[in-house]
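J.: Starting off with a structure, shown below.
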Amino acid sequence: MQILLVDDDAFSRKLMGYYLKPLDATVDMAAGGQECLDKVAQGRPDLILMDCQMPEMDGFETVTRLRANGFTGVILALTGNSDPQTLQRCSEVGMNGHMSKPVDPANLRDQILAAMGAAPAAAPVVVEDPLARARAIATAARNPALMGRLVASFVKSTEDGLAQLGHAAHDQDGPAVAAVAHRLRGSSGTFGAITFSQTAGKLEDSLQTQPLSQCLPLLEQLLGMWPALKSQLEISGGTP
């Protein structure tokens, strides 16, 4: 099976790659809509996992172009918003199904197998702690050091994002704050830091209807959560 994963967040692409390994599929990745179109033109995958919210060309426009170009393979949406309007739009542009972010690894594999006509395996119990997914990946790979590398990568990615968030807030740039919050929502949810992801999501969603000045308490809450979460990850995850 050939899978193309389309997501603008580098850490989410990396972690999703680990989630897809048990499928024994060939996984290619694209960081945006145009790159996706280029890759599909070169060789058509069996299935595309499509992030809906991306800069320049979002997932909806990308899928519209894919279908117009004759792509008939399965496309599953990855979306942080599961409201009826978003799901209807997914269907209207030609997506075959959707998964809400943060993505659960077992559900991801089951959805893919179901979409491709195979029977999914029974889903394991998902433990909602921020290290559960990294631990499971390292265990499956029989590589204990992998957990530390995943934690270190997530910590760096998040700190870079929080720095960008601070600069955007200082410049009073609400759309930029929302864009960074969206990336943090996706990457932290994919990693398994669910509460942090939910808070970033609340910030992103609030900025759709309110000015930045009214969203500052959520911004401060998100920034305030990071030191304790980082400490927990680094101590339990074995990073320096």
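The values are calculated or read from the model by the stated rules, or taken from the named source; none is laboratory data. These figures come from a predicted structure and were not determined experimentally. Cβ: placed from backbone, ideal geometry, glycine included. Neighbour counts: every protein chain shown.
J.: What is the residue count in the range 5-15 for residues that are crowded, with 20+ Cβ neighbours inside 10 Å and either in contact with a His (Cβ under 6 Å, 6 or more places away or on another chain) or more than 14 Å from residue 108 (Cα to Cα) (or both)?
T.: Of the residues in the range 5-15, 5 are crowded, with 20+ Cβ neighbours inside 10 Å and either in contact with a His (Cβ under 6 Å, 6 or more places away or on another chain) or more than 14 Å from residue 108 (Cα to Cα) (or both).
J.: Right, here's the next one. Hey, among the residues in the range 74-100 that are surrounded by 17 or more Cβ atoms within 10 Å (Cβ to Cβ) and among the small types (Gly, Ala, Ser), which one's nearest to the chain's Cα centre (by Cα)?
T.: Of everything passing the filter in the range 74-100, 80 is nearest to the chain's Cα centre (by Cα).
J.: Let me ask something else about it. Between 104, 110, which is among the acidic types (Asp, Glu), under 30 Å from residue 217 (Cα atoms) and either surrounded by 15 or more Cβ atoms within 10 Å (Cβ to Cβ) or free of Cβ contacts under 8 Å to residues at least 60 places away in the same chain (or both)?
T.: Sole residue among the options that is among the acidic types (Asp, Glu), under 30 Å from residue 217 (Cα atoms) and either surrounded by 15 or more Cβ atoms within 10 Å (Cβ to Cβ) or free of Cβ contacts under 8 Å to residues at least 60 places away in the same chain (or both): 104.
J.: Would you be able to tell me the number of residues in the range 189-213 that are buried (at least 18 other Cβ atoms within 10 Å of the Cβ), of a type in the set (S, T, N, Q) and out of contact with any Pro (no Cβ under 7 Å at 6 or more places or on another chain)?
T.: So the answer is 2.
J.: If you don't mind, another one. Among the residues of the range 179-188, is there at least one that is buried (at least 18 other Cβ atoms within 10 Å of the Cβ), in contact with a Pro (Cβ under 8 Å, 6 or more places away or on another chain), among the polar types (S, T, N, Q) and not assigned by TED's automatic domain parsing to the domain that holds residue 18?
T.: Among the residues of the range 179-188, at least one is buried (at least 18 other Cβ atoms within 10 Å of the Cβ), in contact with a Pro (Cβ under 8 Å, 6 or more places away or on another chain), among the polar types (S, T, N, Q) and not assigned by TED's automatic domain parsing to the domain that holds residue 18, which makes the answer yes.
J.: Give me the helices (runs of 4 or more DSSP H) completely within the range 122-199, filtered to those with at least 3 residues that are among the hydrophobic types (A, V, I, L, M, F, W, C) and at pLDDT below 90, ordered by residue number.
T.: Correct list: 132-140.
J.: Another question about this same structure. May I ask you to verify whether residue 94 is in contact with a Leu (Cβ under 9 Å, 6 or more places away or on another chain) and on the phi > 0 side of the Ramachandran plot?
T.: Criteria met by residue 94.
J.: Would you mind stating whether residue 112 is among the β-branched types (Val, Ile, Thr) and either closer than 19 Å to residue 15 by Cβ or in the same structural domain as residue 175 (by TED's automatic domain parsing) (or both)?
T.: Yes, satisfied.
J.: From the list 204, 220, pick out the single residue that is touching a residue at least 40 places away in the same chain (Cβ under 8 Å) and either in a helix (DSSP H, G or I) or under 24 Å from residue 100 (Cα atoms) (or both).
T.: The unique qualifying residue is 204.
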